[in-house]
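Only one structure is covered here, and it is reproduced in the block below.
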Amino acid sequence: MSLTFILMVIGVWAVALVIWTVLSKSVKSTEMDRMKGRLMGKQKSVANAEQEEAALFHVEEPTKGKIVLSILEKYKLNEKLKELLEQAGTKWNAGRFIHCCMAFFIGSYLLMWLFLPDSLRALAFFGAIAAGFLPLLYVIRLRKKRIHAFEEIFPDSLEFISRSMRAGHAFSVSLEMIHREFQEPLSGEFRRTFEEHNLGLPLDVALQSLAKRVPLLDVHFFVSAVLLQKRTGGNLAEILDKLAYIIRERFKLRGRIRAISAHGKLTGIALTCIPIGVAIMMFFTNPDYVRFFFLDEIGNIMLGVAVFLQITGYLIMKKIVTIEV
């Protein structure tokens, strides 16, 4: 593959990206003008107005990434990806996320093809695949960080609801008050739950949506306790106080287990990094010996088996030292 062809591919991709950006902005501006017209009372015709009044909910048709969305729908990945992005707190849609992964894949492949020596260009495809997963790893990291931040202040919010109910406030009003007293992401999630219930959604459905957006066992306990109290009665404030106490005790036990298992985690990381470090040292001291694993067919098989066994060993060690509480 010549340098001229690669530059041509980059140029075509850049031009297509610019055209797509301009068109998306024009479509967005058209939608904004139409929304402003609705707010100002400028309707095109009486028939359109009657059709709009007849429908309470309008489903917005996707205008971007139809091909990607159709592929995701075919393999039933669209809902899972949307749920992952929502749990991470991002404003991306599924099509934009897939386009980002494709851009990382294509860009990293071209860069590695240009700058790697001829003997290592075969690794460009595998490196590009790894780069294409970087946005997914970033979203997973955001999701984990957001859920951890929610989990830390969740017991305080349960006690706040309990105190506000003892003071005479309704349960739904207590959910709305959390938005002013706590920080993100807990305040935003409870405010969304309150707004869904305030706009007519049943309380049990709104709470189940909260448990779906925040996949924590503590949140499922909270939702189950509220729904059970709603059906059978009882002192909800006392139930929430006990639930907050149990969650805090579980945090203490989890901290002790992490301290005990820290030695095992460090041992697993060290055993995993030693072969990688030896391979890097051999690449600088005896490169002809290392090239055998990349250029020879038997060497490729040996390298693949070694990487597979290394990853398997790390996952087994991680599973042993990971104790769920």
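Below are the figures for this structure:
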| item | result |
| --- | --- |
| Nitroxide proxy distance, nm - points 7 Å out along Cα→Cβ at R141 and R248 | 3.3 |
| Chain lengthening between L203 and A279 when straightened (0.36 nm per residue, less Cα-Cα) | 21.5 nm |
| Cβ-based exposure ranking for Y109, Y314, in which fewest neighbours within 10 Å come first | Y314, Y109 |
| Potential lengthening between R121 and I269 on full extension [0.36 nm per residue; Cα-Cα distance subtracted] | 50.3 nm |
| HN-Hα J in Hz across segment 93-98 - Karplus 6.51, -1.76, 1.60, θ = phi - 60°, x for Gly and Pro | 9, 5, x, 5, 5, 5 |
| Relative contact order (percent, whole number), segment 156-221, Cα cutoff 8 Å, 6+ residue spacing | 20 |
| Exceeding the 19 Å Cα-Cα cut-off - candidates K252/K318; K265/K319; K144/K212 | K252/K318 |
| Length released on extending from I301 to E152, taking residue separation times 0.36 nm less the Cα-Cα span | 49.0 nm |
| Fewest-first ranking of I276, I161, using other Cβ atoms within 10 Å as the exposure measure | I276, I161 |
| Rounded Å value of the spacing that divides the Cα centres of segment 276-311 and segment 83-149 | 25 |
| Integer Hz, Karplus 6.51/-1.76/1.60 couplings in order for segment 257-272, x for Gly and Pro | 5, 5, 5, 6, 8, 5, 4, x, 5, 5, 5, x, 5, 5, 5, 6 |
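Quick note: the coordinates plus some simple rules give every number you see, no bench work behind them. If you're wondering where the values come from, they're calculated on a predicted model, not measured in any experiment. Note: ideal-geometry Cβ built from the backbone for every residue, glycine included; neighbour counts use all protein chains shown.
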